[in-house]
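Participant: Before we start, here is the structure in question, set down as structure tokens.
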Amino acid sequence: MSRKNSSEPPIKKQKLTSLFDELTEKRKNVADSITNFKFNKKRVKILSQATEVVKGSKGILYWMFRDGRIQDNWAMLFAQKLALKNRIPLHVCYCILPKFLDATLRHYKFLVESLEEVSMDAKKLNINFHLLHGEPNTVVLEFIRKHNMGALITDFFPLRVPMAWVESLKMDLPQDIPICQVDAHNIVPCWVTSDQLEYSARTIRNKINSKLQEYLTEYPPVIEHPYKSSFEVPEIDWLNCLNDVEIDRSVDKVEWCKPGYRAALIQLEKFIYECLPHYCEKRNNPHLEMTSGLSPWFHFGMISVQRVILEVQKYKQKYLRSVNDFMEEAIVRRELSDNFCLHNKNYDKIDGARQWAIETLNTHKKDKRQWIYDLKELETSQTHDDLWNAAQNQLTVDGKIHGFMRMYWAKKILEWTKLPEDALAWSIYLNDKYSMDGRDPNGYVGCMWSICGIHDQGWKEREIFGKIRYMNYKGCERKFDVKAYVQKHNGKVINIKALSQKKTTKKTK
Ligand SMILES: Cc1cc2nc3c(=O)[nH]c(=O)nc-3n(C[C@H](O)[C@H](O)[C@H](O)COP(=O)(O)OP(=O)(O)OC[C@H]3O[C@@H](n4cnc5c(N)ncnc54)[C@H](O)[C@@H]3O)c2cc1C
């Protein structure tokens, strides 16, 4: 695992041990277990007719998917609460999917190495971890039947594919087995915040912030489970567990982003000590990299956002503006994305945009484009724009693009493709394939915001973009040291003139 082989300098290890231990102690002081903690039931949705754990069953099963951690996980805690109450063993399973959207080896390795840590942590607590292979609607169902599980607990993930699995499980599970979904990803559960599609951050902000006092609480510990599995739990072959997946193996792992909860704590400490003091003023400067960099760990649920906020909030007195700005991004903006995906079935399509945006994009569909690139040229950073190429390089090589540059990156794709539909599909494809935090509601919303103006307003009308907010190179030069960013990410400038002749199309309007 990453910690054992870690080449982190000793000072960081020392810090990690202290934060890791500090949090362990803190949880113990909150309650001795979930049984003696006032669990907020609004975090749970019972999806089945059945509400009681089946009598005589052999355990509770938590199918973990979006929130891949043991501690600071309301779904895990709820599963243990039921298991303790019914005096039965606790099982956790994770399904290795043959394929998930456009995830590549980069993401699968990050995930699997982190799950190895999860399984070790589970083992220490007498919680049985199982790595299943296949689609959850088949393998979770088989597991429940084979091992006589008395209830199924699962995460909340408002994307089409995982929601369909949950629906399928709901239909196929034996009628007497309860299935409960827990929103362990958002601080205020998505269904509590709002039951409708919110227009923008402005309309959701107060709905979230007014409930923080109730939901932004400390966590009790997941404790050593007193009831042993009644059947033998198979050893996991971690080395070969990705042999059969059907993913793109050419996109391999990135070095800066180490998997797991412990690595997330290191990243959190680095952020707090080095970046938080400057977050409010410098976070939009792509060259300085003053943001937390935590989005990959958030995406895979390796660390809880709620825990991160509790830690960051300790610095409210010292860095009030930075803490408030961070809370706006990590709570309001992030939870707005979940709201969008939950309530808009077209969350990744032009049809999911507001009417004004669809109309303006249609009106300008046939506007002359000075540059038109195909997907391959974009993917391989072959545009005339060194800044854009640098961002694309950062994406393919490092698996990330700075948040400010992400907006520029996606907006230029709109400017340089024949159709807004292509621009949206390609930006999502590239983001999902390369970005460590891709395939996330934040990603679909980020692309939809940039290309279709969701959660935004209409701006002065112009070519191609219509009323969608525009960004340009000069604006970036005014904001930050473009040259330094380009140099850092090796933005290849190619022959503008040759491309101009090759790519310019006639205005057909
Ligand atoms: C085209 C485009 C694509 C994007 N794709 C993704 C993606 O695939 N996954 C992803 O997590 N974010 C995505 N974002 C949102 C945002 O850019 C990233 O969350 C942020 O850059 C992550 O870096 P960080 O963790 O250092 O952010 P920080 O500034 O440290 O923010 C902390 C956390 O707040 C949340 N956050 C920050 N900015 C936003 C935002 N604008 N919208 C919603 N949540 C936000 C993230 O969870 C982030 O980790 C995208 C934005 C755009 C414009």
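What follows is calculated from the coordinates using simple rules that are stated; it is not laboratory data. The shown structure was predicted, so the numbers you read here are calculated from the model rather than taken from an experiment. Note that each Cβ is placed from the backbone with ideal geometry, even for glycine, and that neighbours are counted across all protein chains shown.
Participant: Of the residues in segment 277-290, how many are in a helix (DSSP H, G or I) and surrounded by fewer than 19 Cβ atoms within 10 Å (Cβ to Cβ)?
Facilitator: Residues flagged as in a helix (DSSP H, G or I) and surrounded by fewer than 19 Cβ atoms within 10 Å (Cβ to Cβ) within segment 277-290 amount to 5.
Participant: Taking segment 410-457 as the region of interest, how many residues are within 8 Å of the ligand (Cβ to nearest atom) and without any contact (Cβ under 8 Å) to a residue 40 or more places away in the chain?
Facilitator: Looking only at that region, the number is 3.
Participant: Give Phe78, Phe110 a once-over and let me know the one that is more than 27 Å from Asp244 (Cα to Cα), in a helix (DSSP H, G or I) and in contact (Cβ under 8 Å) with a residue 60 or more places away in the chain.
Facilitator: On the way: Phe110 fails: more than 27 Å from Asp244 (Cα to Cα).
Just a single option satisfies the conditions, and that option is Phe78.
Participant: Among (1) in a loop (DSSP other than H, G, I, E, B); (2) within 14 Å of the ligand (Cβ to nearest atom); (3) free of Cβ contacts under 8 Å to residues at least 40 places away in the same chain, which single condition is Gln267 missing?
Facilitator: (1)
Participant: Sort out which residues of segment 306-351 are more than 14 Å from the ligand (Cβ to nearest atom), under 21 Å from the mean Cα position of the chain (by Cα) and in a helix (DSSP H, G or I), and write them in order of number.
Facilitator: Leu310, Leu342, His343
Participant: Check segment 362-378 and report whether any residue there is over 26 Å from Glu461 (Cα atoms), surrounded by fewer than 24 Cβ atoms within 10 Å (Cβ to Cβ) and either of a type in the set (D, E, K, R) or within 12 Å of the ligand (Cβ to nearest atom) (or both).
Facilitator: The answer is yes; a qualifying residue exists.
Yes/no matrix, rows are residues, columns are (1) surrounded by fewer than 16 Cβ atoms within 10 Å (Cβ to Cβ); (2) under 21 Å from the mean Cα position of the chain (by Cα):
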{"residue": "Gln181", "(1), (2)": "no, yes"}
{"residue": "Ala184", "(1), (2)": "no, yes"}
{"residue": "Cys190", "(1), (2)": "no, yes"}
{"residue": "Glu198", "(1), (2)": "no, yes"}
{"residue": "Arg202", "(1), (2)": "yes, no"}
{"residue": "Ile208", "(1), (2)": "no, yes"}
{"residue": "Gln213", "(1), (2)": "yes, no"}
{"residue": "Pro220", "(1), (2)": "no, no"}
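Participant: Among (1) among the basic types (Lys, Arg); (2) without any contact (Cβ under 8 Å) to a residue 24 or more places away in the chain; (3) closer than 21 Å to Thr24 by Cα, which single condition is Lys316 missing?
Facilitator: Against the list (1) among the basic types (Lys, Arg); (2) without any contact (Cβ under 8 Å) to a residue 24 or more places away in the chain; (3) closer than 21 Å to Thr24 by Cα, Lys316 comes up short only on (3).
Participant: Separate question: Tell me, which helices (runs of 4 or more DSSP H) wholly within segment 411-487 include 1 or more residues that are surrounded by 21 or more Cβ atoms within 10 Å (Cβ to Cβ)?
Facilitator: 420-434, 441-452
Participant: Taking the criterion of being without any contact (Cβ under 8 Å) to a residue 40 or more places away in the chain, touching a helix residue (DSSP H, G or I) at 6+ places or on another chain (Cβ under 9 Å) and within 19 Å of Pro136 (Cα to Cα), would at least one residue in segment 173-193 satisfy it?
Facilitator: First, the residues of segment 173-193 that are without any contact (Cβ under 8 Å) to a residue 40 or more places away in the chain: 174.
Next, from what is left, pick out any that are touching a helix residue (DSSP H, G or I) at 6+ places or on another chain (Cβ under 9 Å): 174.
Checking which are within 19 Å of Pro136 (Cα to Cα) leaves us with 174.
Taking every residue of segment 173-193 in turn, at least one turns out to be without any contact (Cβ under 8 Å) to a residue 40 or more places away in the chain, touching a helix residue (DSSP H, G or I) at 6+ places or on another chain (Cβ under 9 Å) and within 19 Å of Pro136 (Cα to Cα).
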